[in-house]
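*Asks:* Below you will find the structure I want to go over with you.
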Amino acid sequence: MMKNFFSKLFDQKLRSRTISYLLVIIAFIILQLMSSTGSLSSLLKSLLVPVCCYTVAAIGLNLNVGFSGELNLGQAGFMSVGAFTGICVSGMLASMITNPVLRLIIAIIAGALIAALMGYIIGIPVLKLQGDYLAIVTLAFGQIIKSIITNMYLGFDENGLHVSFVENKVTLASGGKMLLQGPMGATGTQRIASFAIGIILILCALTIVYNLIYSKSGRAIMGCRDNRIAAESIGINVANTKMLAFIISASLAGAAGALYGLNYSTLVPNKFDFNTSILILVFVVLGGLGNMTGTIISTTVLMLLPELLRSLQDYRMLIYAIVLIVIMLVTNNAFLQAKAAKLRESLIKGKKGAKLS
Amino acid sequence: MSENNIDRSLILEVEDLGIDFGGLTAVNNLSLKVYNNEIVGLIGPNGAGKTTVFNMLTKVYQPSRGTIRLCGQDTAKMTTVEVNKAGIARTFQNIRLFQNLSVIDNVKAGMHNKITYSPADSIFRTRKYYDQEKQIEEKAHELLKIMGLDSLAEISAGSLPYGGQRRLEIARAMATDPKLLLLDEPAAGMNPQETEELMDMIRFVRDHFHIAILLIEHDMKLVMGICERITVINFGMMLASGTPEEIQSNPAVIKAYLGE
């Protein structure tokens, strides 16, 4: 029984999954211990929730870019949709639901649903096409969402929601409050996000993506990526399959955004610009396409490094670009690939030997 | 099952099929019938339009003229996906496997439309998910055994040897549970011994699953060895049709292959 369990653990599919879960849980325990003993600096403490948020968004993007093979340059746009939806829902429910955890969960679900809806709407025309159209459209989507929210005034009182664009024409009854104030974004948000919920959200995202990948849908998603014509020849509807991956990717970004938005008392729409989308893409590419554990590690490292190396901040985007180019060159180098394959082989052999003994 | 009981119903009926690419007529006036439990060969010199016929049958190309009926059903308005659901599966001349999926996952991918659980079932890992995954796991192993790939089930499809990749394509096509299997040069790149084994496999697949097989092949030993009927095309036109013996002694065919 026990032996069977261990041999299953070394099964490649289960192994990568177990490592991801363990990594997240161990990181959570260590950080909780550190924060309870007071050895965590306030800077690091303030980064805990954002790291969780970006990890979830990156896991979603990895499903889209790594498994489905479609380039998405608007993940920050979906985060933005999720964030402001989450803030609005939480603001509206503030008087009705006093339990912050319950309100946070509802806000996250709302953020995920609205982002998924947006994904569905832009996915309908685009995913029927072949090529890089999705990259162009999601790029535009990110910009459009940013512009819309920058020009949107949203207020809430007992008569319901009031919206106006470009100029603030919203007049509220007494007791009402402004949820979105154009370029200033959302202000006075109740900060209800917590690190524990962030970790739970990461675990949920991992479960969703892994469960999907090792199922009928996952085989179809990877099949369409590997060979579109062959996938059609065995009766897989390519557009629908890519849509599924895209919607789940968008909804994870939405959920991450909602958590992110409710972690700050002020959030400006400019936070989710093109650079943020590229940042998330860098997390995914650096962590490895289709590699969830890698995504988690690279997100954490790349989120923490700029804070720990504040003095180099001016060169940040420059260094990212160089790192991205170097990685693409190195991973496509046949000599280095052969070396890496040899190393991997010897590692697997070592593990198999350990299993037998 | 005795000889008389074998179902010989008409599976595929092609009438006056033709396609033009711009001003070029690639295939014209092609008629073809394939009955159940039959292996039919489609041969012709290079560039005769054989693969184009397959692409029209599977709706990768839309025919310009003519009709294709599968079990009496007109496929004019169908897409590639719908044609597969209606019962045509194929392999490709230039192998098109899902390189990064494991061998068994390639076969399981072929069972896509046999699985009824939804993405929600897979996310929440319901009982339906486990039941159906177990079923298709067994079925996939069964197919891999037939094609002699069962011991390689867990390696990635891209690392299979060439002959293995061709056989895996057949296994994946068979996983869709077709009525008609189209094989596009199944023996290309195989050595004589592998070809011999492949012939046995193709016969076994036909006898075991009771399907019709239409195949394109340049290896005349294979074609003459397993096909019951052969259609020869040249420059997109039908040249001859008949049993292997008739084709071998047909002067028009000999002329097309060997010249004057």
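Computed from the coordinates by the stated procedures, all read-outs in this text should not be read as laboratory data. Quantities reported herein were computed from a predicted structural model and do not represent experimental measurements. Here the Cβ is made from the backbone with ideal geometry for all residues, glycine too, and neighbour counts use every protein chain on show.
*Asks:* Under the definition of Cα pairs under 8 Å and six or more residues apart, what whole-number percent is the relative contact order of the stretch A:166-307?
*Replies:* 28 percent
*Asks:* What is the percent of Cα-Cα separations in chain A that go past 26 Å?
*Replies:* Of all Cα-Cα pairs in chain A, 54 percent lie more than 26 Å apart.
*Asks:* Taking the Cα centre of chain B as the origin, how large is its charge dipole in debye, to the nearest 20, when only Lys and Arg (+1) and Asp and Glu (-1) carry charge on their Cβ atoms?
*Replies:* It comes to approximately 720 debye.
*Asks:* Could you check the spin-label model distance between A:Ile29 and B:Lys128? Points 7 Å from the Cα along Cα→Cβ, value in nm.
*Replies:* 3.7 nm
*Asks:* Using a cut-off of 12 Å between beta-carbons, work out the net charge of the residues near B:Glu246 (Lys and Arg +1, Asp and Glu -1, B:Glu246 not included).
*Replies:* Surrounding charge for B:Glu246 is -1.
*Asks:* While we're here: Return B:Val107, A:Val282 ranked ascending by Cβ neighbour count within 10 Å, so the fewest neighbours appear first.
*Replies:* Ascending Cβ contact count within 10 Å gives the list A:Val282, B:Val107.
*Asks:* Mind pulling the angle between the C-alpha long axis of helix A:100-126 and the longest principal axis of chain A? Nearest 10 degrees, somewhere in 0 to 90.
*Replies:* 70 degrees
*Asks:* So how much slack lies between A:Val268 and A:Leu318, counting 0.36 nm per residue of separation and subtracting their Cα-Cα distance, in nm?
*Replies:* So the chain would gain 15.5 nm between A:Val268 and A:Leu318.
*Asks:* Before anything else, pin down the relative contact order of chain A: Cα pairs under 8 Å, at least 6 apart, normalised by residue count, whole percent.
*Replies:* That works out to 29 percent.
*Asks:* OK, next. Report, in listed order, any pair from B:Lys77/B:Lys134; B:Lys139/B:Lys221; B:Lys77/B:Lys108; A:Lys128/B:Lys85; A:Lys242/B:Lys85; B:Lys50/B:Lys145 with a Cα-Cα distance greater than 25 Å.
*Replies:* B:Lys77/B:Lys134; B:Lys139/B:Lys221; B:Lys77/B:Lys108; B:Lys50/B:Lys145
*Asks:* With an 8 Å Cα cut-off and a minimum separation of 6 or more residues, compute the relative contact order for chain B in percent.
*Replies:* Over chain B, the number comes to 27 percent.
*Asks:* Now for a different question. Can you check how the C-alpha radius of gyration of the stretch A:54-150 compares to 2.2 N^0.38 Å, as a plain ratio?
*Replies:* Scaled against compact globular proteins, the figure is 1.19.
*Asks:* When a footprinting reagent is the concern and you count Cβ atoms within 10 Å, what order do B:Thr80, A:Thr18, A:Thr300 take, fewest first?
*Replies:* Listing B:Thr80, A:Thr18, A:Thr300 from fewest to most nearby Cβ atoms yields A:Thr18, A:Thr300, B:Thr80.
*Asks:* What nm value, rounded to one decimal, do you get for the distance between B:Ala252 and A:Tyr133 when each label is placed 7 Å out toward the C-beta?
*Replies:* Spacing of the two 7 Å Cα→Cβ label points: 4.4 nm.
*Asks:* Can you tell me the alpha carbon radius of gyration of the stretch B:1-65 divided by the globular rule-of-thumb value 2.2 N^0.38 Å?
*Replies:* It is 1.35.
*Asks:* Sticking with this one: Can you put A:Met243, A:Met222 in order of Cβ neighbours within 10 angstrom, beginning with the fewest?
*Replies:* Fewest-to-most Cβ neighbours within 10 Å comes out as A:Met243, A:Met222.
*Asks:* Pop a pseudo-label 7 angstrom from the Cα along the beta-carbon direction at both A:Leu336 and B:Ala76 and give the gap in nm to one decimal.
*Replies:* Spacing of the two 7 Å Cα→Cβ label points: 5.8 nm.
*Asks:* Report, to the nearest 10°, how far helix A:274-287 tilts away from the longest principal axis of the Cα atoms in chain A, using its own Cα long axis and a range of 0 to 90°.
*Replies:* Approximately 20 degrees, to the nearest ten.
*Asks:* Could you tell me the largest-minus-smallest coordinate of the C-alpha atoms of the protein assembly as shown on each of the three principal axes, in descending order and whole angstroms?
*Replies:* Largest to smallest, the principal-axis extents are 95, 66, 47 Å.
*Asks:* Can you give the percent of C-alpha pairs in the stretch A:145-261 whose distance is more than 21 Å?
*Replies:* 60 percent
*Asks:* Helix A:75-93 versus the longest principal axis of chain A: what angle, 0 to 90°, nearest 10, using Cα atoms?
*Replies:* Its long axis makes an angle of about 50 degrees.
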